[in-house]
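See below for the structure under consideration.
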Amino acid sequence: MTAYTVHTVKNVASSAFLVTDENGAMIVDTGVAGRAPAMLQEIADAGLRPTDVKLILLTHYHADHSGSALALREATGAPIAIHRDDADQLRRGGRVDLQPTSLMPRLMKVMLDKAEIPATEPDIILDDEEDLTRHGGIGRSFVTPGHTPGSTCVLLPDGSILAGDALSGGLMRARTARKPMFATDLDTAARSMRTIADHAPTTVYVGHGGPLAAPSVAALKAL
Ligand SMILES: [Zn+2]
Ligand SMILES: [Zn+2]
């Protein structure tokens, strides 16, 4: 039985993740710009070298997830992967207009809108479903659009999911699953929430708050 470990690197605004198994490591999201040293420290603390990282997967293009991707590619030599429907925005970089789904994100939008996506040429364009081991990574990816057009989740072989911002943890109750704070298409985002719940994940790691408790994720099926 392979031992998978998910290490969480907490950033000011969002979490980044280092997933390790006996073959190496994969980074899922990178935090805002300037957070590469924190991830490299996590890699060292796990007893690994930067070159043990074989894949950098971005769940979506937002700056709080893609901000340190260039620096981490430089440090590890690993390719950057993103879904094809988020690839153009990542290449262009710059600011995106966030569409809040409720009051709290409307307040946060003022702060988040200022973050610029560093223009980043991805190395791997992900399809809707991919076996990530083909790209040196761990587990499988599946598209969960709505937060952004190409938002993508990672399903690990132990049944846990890294969901990016396709789901959100609460600010008050961090382990309770709720809808994303922003959505380019809320109906599609709701469908994607049910897709995640259908996998019956053991744990869901998200960009903000979390990790989400399995029962609160299962409850999303009833939406
Ligand atoms: Zn986001
Ligand atoms: Zn985010």
Scope the stretch 1-22; condition free of Cβ contacts under 8 Å to residues at least 24 places away in the same chain and either within 15 Å of the chain's Cα centre (by Cα) or more than 16 Å from ligand 2 (Cβ to nearest atom) (or both); matching residues: MET1, ALA3, LYS10, GLU22
Per-region count, the stretch 153-174, residues open to solvent by less than 20 Å² (accessible area, probe 1.4 Å), more than 12 Å from ligand 1 (Cβ to nearest atom) and not in a loop (DSSP other than H, G, I, E, B): 5
Residue satisfying condition, being open to solvent by less than 40 Å² (accessible area, probe 1.4 Å) and charged (D, E, K, R), within set ASP88, ASP52, ASP45: ASP52
Tally, over the stretch 127-148, of residues that are away from ligand 2 (no atom under 15 Å from the Cβ), in contact (Cβ under 8 Å) with a residue 60 or more places away in the chain and on the phi < 0 side of the Ramachandran plot: 7
All positions within the stretch 201-217 that are open to solvent by 50 Å² or more (accessible area, probe 1.4 Å) and touching a helix residue (DSSP H, G or I) at 6+ places or on another chain (Cβ under 7 Å): THR202
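Counting residues that are within 14 Å of ligand 1 (Cβ to nearest atom), which strands (runs of 3 or more DSSP E) fully inside the stretch 1-96 reach at least 1?
Those strands (runs of 3 or more DSSP E) span 15-21, 24-28, 80-83.
What residue, of GLY150, GLY137, GLY159, GLY77, is within 15 Å of PHE182 (Cα to Cα) and among the small types (Gly, Ala, Ser)?
That would be GLY150, the only listed residue that is within 15 Å of PHE182 (Cα to Cα) and among the small types (Gly, Ala, Ser).
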Long-range neighbours under 9 Å by Cβ, at least six apart or interchain, first residue within 11 Å of GLY164 (Cβ to Cβ) within the stretch 57-68, second in a helix (DSSP H, G or I) and near ligand 1 (Cβ under 9 Å from one of its atoms): LEU58/HIS65; THR59/HIS65; HIS62/LEU112; ASP64/LEU112
Subset of the stretch 23-33 (residues that are within 16 Å of ligand 2 (Cβ to nearest atom) and open to solvent by 10 Å² or more (accessible area, probe 1.4 Å)): VAL32, ALA33
Residues of the stretch 105-148 that turn out to be open to solvent by less than 40 Å² (accessible area, probe 1.4 Å), more than 16 Å from ligand 1 (Cβ to nearest atom), in a loop (DSSP other than H, G, I, E, B) and among the small types (Gly, Ala, Ser), as a count: 3
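The values are calculated or read from the model by the stated rules, or taken from the named source; none is laboratory data. Source: prediction; values computed, not measured. Quick reminder, even Gly has a Cβ in these numbers, built from the backbone with ideal geometry, and neighbours come from all protein chains shown. Just the protein is used for accessible areas: all its heavy atoms, side chains included, with ligands, DNA and RNA removed. Shrake-Rupley method; radii C 1.70, N 1.55, O 1.52, S 1.80 Å.
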